[in-house]
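The values are calculated or read from the model by the stated rules, or taken from the named source; none is laboratory data. Owing to the predicted nature of the structure, the values given are computational and were not obtained by experimental measurement. No Cβ is skipped: glycine too gets one built from the backbone with ideal geometry, and neighbour counts run over all protein chains shown. Side chains included, ligands, DNA and RNA excluded: accessible areas come from the protein's heavy atoms. Shrake-Rupley method; radii C 1.70, N 1.55, O 1.52, S 1.80 Å.
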Amino acid sequence: MSEVITGNRADLVETLEALEKRLLWLSAWTIHNANHLRPKRDGLKVGGHQASCASMTAITAALYFHALRPQDKVAVKPHAGPVLHAIHYLLGEQTRDNLERFRGLGGAQSYPSRTKDTIPVDFSTGSVGLGVAVTAFSSLVQDYLVAHGQVQEEDAGRMIALMGDAELDEGNIYECLIEGYKHDLRNCWWIVDYNRQSLDSTTADRMFRRFDDIFETCGWRVVTLKHGKLQREAFRKPGGKAIEEWIEQCPNADFAVLTYQGGAAWRERLMADIGRKANVRKLLDNYDDDALAALMTNLGGHCIESLIDAFDACDDDRPTLFIAYTVKGHGLPLAGHKDNHSGMMNPPQMEQFRTGMGVPEGQEWEPWGGLGDNAAAALEAFVKASPIARKPAEPVAPAVAVPALAAPEGAEQSTQAAFGRILLDIAKSGEELADRIVTTAPDVTQTTNLGGFVNQRGLFRRQELADVFQKARIPSAQKWSAHAAGQHIELGIAESNFFIMLASLGLSAPHFGTRLLPVGTVYDPFIARGLDALNYGCYQDARFLLVGTPSGLTLAAEGGAHQSINTPLIGMGQPGLTAFEPAFADELALIMGWSFDHMQQDDGGSVYLRLSTRAIAQPVREDGDWQADALKGGYWLRKPASGAQAAIAFCGAVAPEALSAWEQLAEDLPGLGLLNVTSPDLLHRGWSARRAARWTGKRPARCHAETLLGSLAPGAGLVTVLDGSPGALSWLGGVRGMRVSPLGTDRFGQTGDLPDLHRAYRLDADAIIDAAAELFLED
Ligand SMILES: Cc1ncc(C[n+]2csc(CCOP(=O)(O)OP(=O)(O)O)c2C)c(N)n1
Ligand SMILES: [Mg+2]
């Protein structure tokens, strides 16, 4: 084996084949252990996907131990998680203990997780399709950083997705292809484990060659690895052509059935279909049943030689789709069975598999179990010398200083307009912060007030693109020229792309060692369109500032299809995302400053701002006392008298109605408080954490909601009001056991002017006054 290191190809293949076997064994054993050997307490199936793993062990061996360079990053098909753990086990970066606790608390995760796994995971996966597209967007981010001098061209890596073929059914793949083409995507490989099986069954034959067309149209090179070396050699023998043609015509389902049935079935079927053709019988007679089964399933994705040749041949930066034909469950008794997705070897099958793999009893967890000392040492040396073993730990990016952000001037302002002005001021400043912000939007740059920033900083394109309208001197408020120094990435209307872009930008610190502060705007209701991708970004701990604007019924004339309702609940429910809904411009400036800082903290996260186009009167501040509380989730805009019997709690753009009602009620309800909730999310998280502290043994400190509401009498009543789901605030009553009269929207909106809609949906001052009365009438 020592020749391997000096580059003997036959030995290289032999070594990679030996490593493939280790991956096949270890992944299957890890799953088996979790399901059949580890004691169970809950009677639930643990799960794991032996067949999905077996399908791509050759692909992973060839990729990780041959083609992969230290600067490359990989998203691994979720169901091949155990293979990734096995790779890192062989590299000495995963512990046996973690493998033994696969799918258990604190053990190796079911699907690769950046945040929960202890091995290096470049991209989390789990929701199929997203882990594929993220590689394309991360490649765009890399190009952005190269263009901005933050990554050297020679350090640029490939972004690689190891994907299942059913992932090609996810629409987000095609949205991503289109966006990638527009941005001249490069340095991206997608390697399809083309086993033609999904979860439920075998996949449609009609798709044969369609993927080639689709990807080639979008500028990709398509490399198909259909046959392995054994097959190609057989096809060249007399009678071989007929077998090749037969395979070409064979429906996916038939191929799978025969694979499952094995050699005798292959022979019977081949003889029945093409046995009369010249030399076929003679050729088949050269193979016993096992050899025939091995020949017929020797597809390109299981052939190390075919794989390394294909990878080696693509040494440029063209985006490339490898369609590697495989058999799901290859090498296992589950191979080919349509139900094998969740299928698992039973203990007797596992026992037979162990013997077949040459792993002695008791050495199941040994990385090189069953190999002689020399072979084991050679394999270990090879693995240690592979480029992937030199991959450095993820870098820690230096922080970007965040100066205090001034609130825009103006007696009447909307939070959306103020957002645009704050960003414009940042863009004009000489601060480093300005250089690190990257904005992006799915075709709503202008209508979400990003225009000012973009006019200052330009659109990003690797190749310069002139603003033809500007050149022709046609007046427009928006400059639309693009160049390599630009800081706005304009996307088409595909909110899923938008969120994956934010996820990729938001990983620039750990991925590339340099911080970007991504700011993305989207119409608030259409957050729902990209919700899974948003969740995906947060799950990976990507850091970005999401601005949902405009929002709510406040969009009045735009009608029900554009008026967001439940986004405050999304903001509260999404881990990794702190949601704010400021009412006033100075709150927004303060919160944006906090956000840019929070996005950089080790224990920080992403931030969501729900903004509005409604211009409202701004408060005259006597001091800055409100600020600390505003950053904790809320402050008293009108302080209640100690022991007051009632308060109004409001959020965001309904501030004028809340103030008006407060003024009208204050006479009858002396000491009435007016609570401006800047973040229902923070208040609720604080309250939950406070409750949880009681049973996690920590000293429960008072939470901010308790402190705020502590000014009121214990039995006080609360009217809560926001332009969104009332549940985002009504829970406040639970903090100290207060009665609540919740106002908000929980029906679809419609067109109208604001007074009409506020009346129809009970968001006006009268509704608040009625709600307050109701609180006391109930007594
Ligand atoms: C968005 C999403 N929908 C559904 C699932 C459940 N699911 C997991 S794997 C899978 C099919 C995977 O098939 P394929 O991608 O071909 O992988 P392989 O055959 O290699 O297991 C499905 C439907 C999921 N993980 N994500
Ligand atoms: Mg599949």
Under 9 Å between Cβ atoms, at least 6 apart or on separate chains: pull out the pairs that start in segment 196-212 with a residue that is assigned by the TED database to the domain that holds G343 and end on any residue that is of a type in the set (F, W, Y) and not in a loop (DSSP other than H, G, I, E, B).
R196/F255; R196/Y325; T202/F255; F211/Y194
Of the residues in segment 310-331, those that are away from ligand 1 (no atom under 15 Å from the Cβ) and either of a type in the set (S, T, N, Q) or out of contact with any Leu (no Cβ under 9 Å at 6 or more places or on another chain) (or both) come to D312, A313, C314, D315, D316, D317, R318, T320
From the list G126, G171, G131, which residue is touching a Ser or Thr at 6+ places or on another chain (Cβ under 7 Å), at pLDDT 95 or above and within 13 Å of ligand 1 (Cβ to nearest atom)?
G131
With the condition kept exactly as written, say whether any residue in segment 244-260 is open to solvent by 60 Å² or more (accessible area, probe 1.4 Å) and either in contact (Cβ under 8 Å) with a residue 60 or more places away in the chain or within 16 Å of ligand 1 (Cβ to nearest atom) (or both).
yes
Inside segment 361-390, can you point out the residues that are open to solvent by 30 Å² or more (accessible area, probe 1.4 Å) and closer than 16 Å to A28 by Cβ?
E361, Q363, E366, P367, G370
Could you grab the pairs with beta carbons closer than 7 Å, sequence gap of 6+ or different chains, first residue in segment 753-773 and closer than 12 Å to A658 by Cβ and touching a residue at least 60 places away in the same chain (Cβ under 8 Å), second one of a type in the set (D, E) and buried (at least 21 other Cβ atoms within 10 Å of the Cβ)?
H758/E657; H758/D764; L763/E657; L763/D723; D764/E657; A765/E657; I768/E657
I'd like the full set of residues that are open to solvent by 10 Å² or more (accessible area, probe 1.4 Å) and either of a type in the set (V, I, T) or assigned to a helix (DSSP H, G or I) (or both), limited to segment 275-294.
R281, K282, D285, D289, D290, A291, A293, A294
Where in segment 304-389 are there helices (runs of 4 or more DSSP H), lying fully within it, with 2 or more residues that are within 30 Å of Y181 (Cβ to Cβ), touching a residue at least 60 places away in the same chain (Cβ under 8 Å) and in contact with a strand residue (DSSP E or B) (Cβ under 8 Å, 6 or more places away or on another chain)?
304-313
Show me the helices (runs of 4 or more DSSP H) entirely contained within segment 578-697 in which 2 or more residues are in contact (Cβ under 8 Å) with a residue 24 or more places away in the chain, surrounded by fewer than 24 Cβ atoms within 10 Å (Cβ to Cβ) and outside the structural domain of L709 (by the TED database).
585-598, 626-630
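Table: residues versus (1) acidic (D, E); (2) without any contact (Cβ under 8 Å) to a residue 24 or more places away in the chain; (3) open to solvent by less than 10 Å² (accessible area, probe 1.4 Å); (4) not in a loop (DSSP other than H, G, I, E, B).
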residue: H66; (1), (2), (3), (4): no, no, no, yes
residue: V74; (1), (2), (3), (4): no, no, yes, yes
residue: H79; (1), (2), (3), (4): no, no, no, yes
residue: A86; (1), (2), (3), (4): no, no, yes, yes
residue: R103; (1), (2), (3), (4): no, no, no, no
Selection status of S113, polar (S, T, N, Q), surrounded by fewer than 23 Cβ atoms within 10 Å (Cβ to Cβ) and within 14 Å of ligand 2 (Cβ to nearest atom)
no
Under 7 Å between Cβ atoms, at least 6 apart or on separate chains: pull out the pairs that start in segment 159-171 with a residue that is closer than 15 Å to F215 by Cβ and free of Cβ contacts under 8 Å to residues at least 60 places away in the same chain and end on any residue that is within 12 Å of ligand 2 (Cβ to nearest atom) and open to solvent by 30 Å² or more (accessible area, probe 1.4 Å).
D165/T203; E170/V128
Looking at L405 and the list (1) open to solvent by less than 40 Å² (accessible area, probe 1.4 Å); (2) within 20 Å of L23 (Cβ to Cβ); (3) touching an Asp or Glu at 6+ places or on another chain (Cβ under 9 Å), which single condition is not satisfied?
(2)
Considering residues of segment 117-172 that are open to solvent by 10 Å² or more (accessible area, probe 1.4 Å), more than 16 Å from ligand 2 (Cβ to nearest atom) and among the charged types (D, E, K, R) only, the residue nearest to R461 (Cα to Cα):
E153
Output the residue which, of all residues in segment 175-206 that are open to solvent by less than 60 Å² (accessible area, probe 1.4 Å) and part of a helix (DSSP H, G or I), is nearest to ligand 1 (Cβ to nearest atom).
C176
Within segment 23-38, is there a residue that is farther than 30 Å from D316 by Cβ, without any contact (Cβ under 8 Å) to a residue 24 or more places away in the chain, not hydroxyl-bearing (S, T, Y) and not in a helix (DSSP H, G or I)?
no
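Is it fair to say P700 is in a loop (DSSP other than H, G, I, E, B) and either more than 22 Å from Q664 (Cα to Cα) or open to solvent by 40 Å² or more (accessible area, probe 1.4 Å) (or both)?
yes
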Name every residue in segment 539-553 that is under 23 Å from L433 (Cα atoms) and open to solvent by 10 Å² or more (accessible area, probe 1.4 Å), in order of residue number.
D541, R543
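Look through K226, K237, K241 and report the one residue that is within 16 Å of ligand 2 (Cβ to nearest atom), open to solvent by 20 Å² or more (accessible area, probe 1.4 Å) and either at pLDDT 95 or above or closer than 25 Å to D309 by Cβ (or both). If you could, list the steps in order and put the result at the bottom.
Values: K237 fails: within 16 Å of ligand 2 (Cβ to nearest atom); K241 fails: within 16 Å of ligand 2 (Cβ to nearest atom).
It is K226.
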Conditions (1) touching a strand residue (DSSP E or B) at 6+ places or on another chain (Cβ under 9 Å); (2) in the same structural domain as G157 (by the TED database): number failed by A256:
(2)
Please work out which residue is farthest from L777 (Cα to Cα), limiting yourself to segment 710-726 and to residues that are modelled with pLDDT of 95 or more and among the polar types (S, T, N, Q).
S725
